Amino acid sequence: AAGSDLTILIEGESGVGKDLLARAIHARSNRKDGPFVIADCSAIPEHLIESELFGHERGAFTGAVATRQGAFETAGGGTIFLDEVGELPLDVQPKLLRVLESQEFRRVGGNKTLRANARIVAATKRNLKDEVERGKFREDLYFRLAVVPIHVPALRQRRDDIPMLVEHFLEAAKERDPRAADVRLEKETVAALAAHDWPGNVRELRNFVERSL
């Protein structure tokens with residue numbers, strides 16, 4: 001789906017590599033020469049989310065001392081990565097839906113209609129179908145985001161990947177630190193790592209390898 005302009009929703013536990021997958025999608029898309037703009041919906045204060053996404057005009061609210069471009073404007077014809085989109089407040093969700101459907105938006109406090117040209121890749125650690133049933137996420141927005149749904153399984157569900165990942169992290173460590181050049185992994189070590197559940201997924205495995213070295 002990377003070569004298309006379809007909206008993609010990546011679901012999976014924390015640490016499985018959703019950010020890396022989103023970057024890979026952008027790198028293999030027709031928009032690869034454009035910006036890759038991240039909007040982390042879990043890290044932006046609730047009262048600033050609308051401004052972060054759509055920008056604001058000077059004087060739109062207290063503290064808006066200058067006009068500011070939001071993610072949709074700075075992304076241009078590139079990709080917007082809506083990380084942890086499941087954390088988006090309910091009152092902002094219809095505004096995002098409107099942009100996705102009309103390809104138009106306005107800055108907060110502005111009257112000028114701007115064109116949204118970016119491709120959307122969203123990610124969440126939540127099960128958005130469950131969130132819809134609980135009334136925490138709009139059903140129409142969910143279907144608009146999940147045109148191409150991708151579920152990234154937890155590392156404990158793909159243990160065959162662990163030896164390859166360990167080798168990858170080891171090689172990366174050797175490039176950064178020559179002292180790791182002579183490190184070799186015994187089969188028993190790899191087997192023990194593959195037997196672990198890794199509740200923090202790939203991120204935890206990477207940190208463990210680096211700490212062990």
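Summary of values
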item	result
All-pairs alpha carbon distance profile, the range 19-88, 10 Å steps from 0, percent	21, 44, 28, 8, 0
Extreme residue, positive dipole direction of the range 75-213, given options Gly109, Val147, Leu213 (C-beta unit charges)	Gly109
Largest to smallest principal axis extent of the C-alpha atoms in the chain, angstrom	64, 40, 35
Shape category assigned to the range 29-135 from the gyration tensor of Cα positions, a/c cut at 1.5	oblate
Under 24 Å from Lys32, Cα to Cα: lysines that are on another chain or at least 8 residues apart	Lys18
Anisotropy class of the range 118-213 from Cα gyration tensor, a/c 1.5 cut	prolate
Å² per residue, accessible surface of the chain at 1.4 Å	56
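The values are calculated or read from the model by the stated rules, or taken from the named source; none is laboratory data. Note that the coordinates shown come from a computational prediction; the quantities given were computed from them, not determined experimentally. Using ideal geometry, Cβ is built from the backbone for each residue, glycine included, and neighbour counts are taken over all protein chains shown. We work out accessible area using only protein heavy atoms, side chains counted, and drop any ligands, DNA or RNA first. Shrake-Rupley method; radii C 1.70, N 1.55, O 1.52, S 1.80 Å.
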